[in-house]
Ligand SMILES: Nc1ncnc2c1ncn2[C@@H]1O[C@H](COP(=O)(O)OP(=O)(O)OP(=O)(O)O)[C@@H](O)[C@H]1O
Ligand SMILES: [Mg+2]
């Protein structure tokens with residue numbers, strides 16, 4: 001031990017004037033935002049009371065009405081099919097975009113910048129907005145939903161595919177380049193095999209995201225169960241709406257459990 | 001870059017032979033710092049040459065400059081009858097296919113089988129999915145790869161995943177991949193560095209066997225005095241960016257080589 005014991009260090013680091021100003025700005029932002037947009041207490045209380053009134057949403061929802069379980073099941077299947085089709089197409093197109101977006105594999109910095117911009121755009125614009133755009137292009141129905149899911153998935157998987165490829169060990173790729181292998185050869189024989197576990201995990205996440213997303217797409221008319229959900233709400237058939245929500249929940253949980261199981265098998 | 005075109009004295013005291021590698025006035029600077037400052041030497045074919053030098057003396061840089069994995073600042077390299085500095089990107093790829101490189105790290109694709117990794121060596125002359133994985137490879141490619149694996153004593157581990165092999169086995173698979181390239185010249189950068197003494201010795205014996213039995217030319221960077229003396233016909237010592245020592249191995253004594261091995265000098 002040293003002769004003189006050192007005094008304990010201060011608990012908090014001094015943050016200085018810029019730090020205090022920063023805290024003040026963040027605080028003001030939170031308070032003003034809450035005041036401007038959050039519901040007031042009495043508004044919330046009144047709403048809750050109405051929810052449980054004899055004609056209220058909650059009261060009307062129970063018991064759930066499964067009388068149209070047949071047609072609803074078919075629409076649920078259509079929702080799943082939209083998710084699978086859109087996800088599949090999205091993953092297929094995400095791969096080339098991702099390759100073009102990486103530092104190491106892109107043929108030209110300009111190509112890389114463009115690919116990154118496209119991925120960022122596809123990821124940033126919400127899938128509901130894509131659905132509205134595609135409804136204008138291909139009309140109401142599942143096709144618009146599939147395209148919306150596809151674009152959303154190019155953005156989602158494109159980003160994670162690219163990250164996985166950037167993170168792989170460059171050694172094997174450099175070794176193949178040094179023997180004169182082509183870019184495509186390096187991708188096919190060194191990059192893809194190394195990325196396979198990560199690509200699979202990303203693809204499964206993309207499928208889960210697609211299933212959750214495809215349910216909402218019907219709300220704007222892009223096919224699937226969301227259409228029925230909207231109609232049920234519009235016609236005040238709250239008990240049928242609850243039945244749809246419960247079946248949707250079952251589907252999402254089933255897909256998540258299945259994909260989680262596959263992911264665990266892969267690790 | 002100007003490459004020498006005339007035959008050069010390839011070995012002290014020998015008659016004139018067409019050198020398999022001639023380096024003239026090679027310099028390389030990183031950010032203005034001269035690492036190589038005028039390297040001159042020429043090698044006769046069918047020999048094993050050891051390149052020695054202290055840490056950071058530029059051995060790896062010199063090796064990479066020979067095949068332009070690092071672009072030399074100035075100077076000429078004539079290798080396998082090619083003026084390396086003058087090659088177009090396409091011709092450079094074809095030239096690199098003729099030069100096998102063994103790295104300190106094996107640089108194999110870990111998730112693939114030994115056989116698939118060896119087949120990757122064929123990318124020096126073939127392209128497409130048929131040389132990405134053993135499952136898609138034509139019969140004669142697989143047979144040749146098996147022969148390469150047999151050459152390094154690993155034919156029985158053909159379908160073992162590379163990440164299940166030991167360090168020495170992996171390095172031997174890397175040598176098999178290099179053989180699959182059908183190289184005429186072998187460059188090796190401390191192929192024994194990450195291996196235990198016994199395994200390192202076996203790898204060096206394997207490389208020397210390729211010189212003695214197949215007539216290949218070998219330039220090997222070595223960091224072990226005993227390997228330098230046991231596995232080379234000629235020794236080049238790099239110091240201050242130049243060839244500071246050049247002698248046939250039988251004439252070398254451990255004492256005069258010691259200054260090129262910092263860890264031995266320190267002892
Ligand atoms: N790409 C690079 N950029 C900048 N400096 C580099 C680069 N590559 C190598 N150097 C420097 O050049 C010098 C020589 O490096 P080199 O790897 O060729 O030495 P070496 O003789 O192979 O050393 P070692 O025995 O440690 O392998 C070192 O000082 C290194 O830091
Ligand atoms: Mg080195």
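Every number here is computed from the coordinates shown, using simple stated rules; none is lab data. Fair warning: this is a prediction, and the values are worked out from it, not measured in the lab. In this analysis, Cβ positions are derived from the backbone assuming ideal geometry, glycine residues included, and neighbour counts consider all displayed protein chains.
Given the structure, is residue B:108 more than 14 Å from the chain's Cα centre (by Cα) and either more than 9 Å from chain A (Cβ to nearest Cβ) or within 13 Å of residue B:68 (Cβ to Cβ) (or both)? Here the answer is no, as residue B:108 does not meet what is asked.
Select from segment B:207-228 the residues that are surrounded by fewer than 20 Cβ atoms within 10 Å (Cβ to Cβ) and either touching a residue at least 24 places away in the same chain (Cβ under 8 Å) or under 17 Å from residue B:183 (Cβ atoms) (or both) and list them in ascending order.
Going through segment B:207-228, the residues surrounded by fewer than 20 Cβ atoms within 10 Å (Cβ to Cβ) turn out to be B:208-209, B:212-215, B:225-226.
B:208, B:209, B:212, B:213, B:214, B:215, B:225, listed by residue number.
Contact map, segment B:54-72: residues that are on the phi > 0 side of the Ramachandran plot paired with residues that are near ligand 1 (Cβ under 10 Å from one of its atoms), Cβ distance under 8 Å, separation 6+ or inter-chain. Pairs shown: B:58/B:28; B:58/B:35; B:58/B:36; B:58/B:238; B:58/B:241. Checking each residue in segment B:37-86 for being surrounded by fewer than 23 Cβ atoms within 10 Å (Cβ to Cβ), part of a loop (DSSP other than H, G, I, E, B) and away from ligand 2 (no atom under 16 Å from the Cβ) picks out B:44, B:45, B:46, B:47, B:68, B:71, B:73, B:80, B:81. Just to verify a result, which residue in segment B:77-101, among those that are in contact with a helix residue (DSSP H, G or I) (Cβ under 6 Å, 6 or more places away or on another chain) and farther than 16 Å from residue A:174 by Cα, is nearest to the other protein chains (Cβ to nearest Cβ)? If we take residues in segment B:77-101 being in contact with a helix residue (DSSP H, G or I) (Cβ under 6 Å, 6 or more places away or on another chain) and farther than 16 Å from residue A:174 by Cα, then B:87 is nearest to the other protein chains (Cβ to nearest Cβ). In this structure, does residue B:229 turn out to be within 16 Å of ligand 2 (Cβ to nearest atom), over 15 Å from the mean Cα position of the chain (by Cα) and farther than 25 Å from residue B:119 by Cβ? Against the criterion (within 16 Å of ligand 2 (Cβ to nearest atom), over 15 Å from the mean Cα position of the chain (by Cα) and farther than 25 Å from residue B:119 by Cβ), residue B:229 does not qualify.
Among the residues of segment B:87-122, the one identified as under 13 Å from residue B:177 (Cβ atoms), within 16 Å of ligand 2 (Cβ to nearest atom), touching a strand residue (DSSP E or B) at 6+ places or on another chain (Cβ under 8 Å) and not in a strand (DSSP E or B) is B:103.
Whether a residue is within 16 Å of ligand 2 (Cβ to nearest atom) and either surrounded by 18 or more Cβ atoms within 10 Å (Cβ to Cβ) or under 20 Å from residue B:80 (Cβ atoms) (or both) was assessed, and residue B:192 passes this test. Could you look through segment A:162-177, keep only residues that are buried (at least 20 other Cβ atoms within 10 Å of the Cβ) and within 7 Å of chain B (Cβ to nearest Cβ), and pick out the one that is nearest to residue B:121 (Cα to Cα)? Here the residue is A:176. Of the residues contained in segment B:187-210, none is found to be away from ligand 1 (no atom under 16 Å from the Cβ), under 13 Å from the mean Cα position of the chain (by Cα), at negative phi and not in a helix (DSSP H, G or I).
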